[in-house]
Amino acid sequence: MTVHRLRELGVIHPGWEGRLLWGGAPCRDIRGGCTDRALTIEWIAEADGQSIAVSIPLSRSPCNYGGERTWLLCPICRRRVTTLHLSSDAHNLACRHCYNMTYFTQNTDDMNRLHAKRDKLFRRLGAKGDIDRNTQIPRRPRGMWLMTYAQIIGQIRATENALDAAFLGMVPAAILERCRAGAPS
């Protein structure tokens, strides 16, 4: 549940009452209401049929060029967030910090991070499909400055050198010595 999506649906307005559809959620019959200070949501958890009601406090902060930004306050830790997540049993809403959720890149090793960086650089040049070591660097896209293109190519080469170094760091020294000596492995 994000503030942005709730705003698009017209939910975060004092006086709103209605039903919500939450695609793929393990709950049904989601109803709610909004006051100036809180958003109240009720649902039935599909696993056990239990009726759940949560009041989510709202916070607002002024924007630099006028207007205001609405925030959800996590019902558990009161942290100001834009997104709340439903627990696996569909009984609680909380922020990613309360559920100890991490971002994808926090759980990847250096090799995967370097592969993702290389893929992103290739995509900036318009590459499509699978990208591997043998993928040729695409031609400069129309409208891209020559200097920008040269910088991206330099970053691709540096990333591939880092991938080589990371791979060699994983290979045991005995195998490397055999390869250098020309002995079959």
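If you go through region 140-165 one residue at a time, how many are surrounded by 10 or more Cβ atoms within 10 Å (Cβ to Cβ) and either of a type in the set (Asp, Glu) or not in a helix (DSSP H, G or I) (or both)?
At the first step, the residues of region 140-165 found to be surrounded by 10 or more Cβ atoms within 10 Å (Cβ to Cβ) are 140-141, 144, 148-165.
Subset that is either of a type in the set (Asp, Glu) or not in a helix (DSSP H, G or I) (or both): 140-141, 144, 160, 164.
Within region 140-165, residues that are surrounded by 10 or more Cβ atoms within 10 Å (Cβ to Cβ) and either of a type in the set (Asp, Glu) or not in a helix (DSSP H, G or I) (or both) number 5.
Here 82, 102 are screened, and the one residue that is surrounded by fewer than 17 Cβ atoms within 10 Å (Cβ to Cβ) and within 18 Å of residue 6 (Cα to Cα) is 82.
Just the residues that are among the acidic types (Asp, Glu) and either touching a strand residue (DSSP E or B) at 6+ places or on another chain (Cβ under 9 Å) or not in a loop (DSSP other than H, G, I, E, B) (or both), please, taken from region 43-71.
Within region 43-71, the subset among the acidic types (Asp, Glu) is 46, 48, 68.
46, 68, listed by residue number.
Entry remark, region 109-139: residues being assigned to a loop (DSSP other than H, G, I, E, B) and of a type outside the set (A, V, I, L, M) number 12 in total.
Filtering region 1-25 down to residues that are part of a strand (DSSP E or B) and over 18 Å from the mean Cα position of the chain (by Cα), which residue is modelled with the highest pLDDT? Give the derivation first.
Looking only at region 1-25, we keep the residues that are part of a strand (DSSP E or B), and these are 2, 17-20.
Next, only the ones that are over 18 Å from the mean Cα position of the chain (by Cα) stay: 17-20.
Details: 17: 86, 18: 82, 19: 80, 20: 75.
Among those that are part of a strand (DSSP E or B) and over 18 Å from the mean Cα position of the chain (by Cα), it is 17.
Tell me, yes or no, whether region 166-184 has at least one residue that is β-branched (Val, Ile, Thr) and part of a helix (DSSP H, G or I). Looking through region 166-184, at least one residue is β-branched (Val, Ile, Thr) and part of a helix (DSSP H, G or I).
The values are calculated or read from the model by the stated rules, or taken from the named source; none is laboratory data. Note that the coordinates shown come from a computational prediction; the quantities given were computed from them, not determined experimentally. Glycine also receives a Cβ, built like all others from the backbone with ideal geometry; neighbour counts cover every protein chain displayed.
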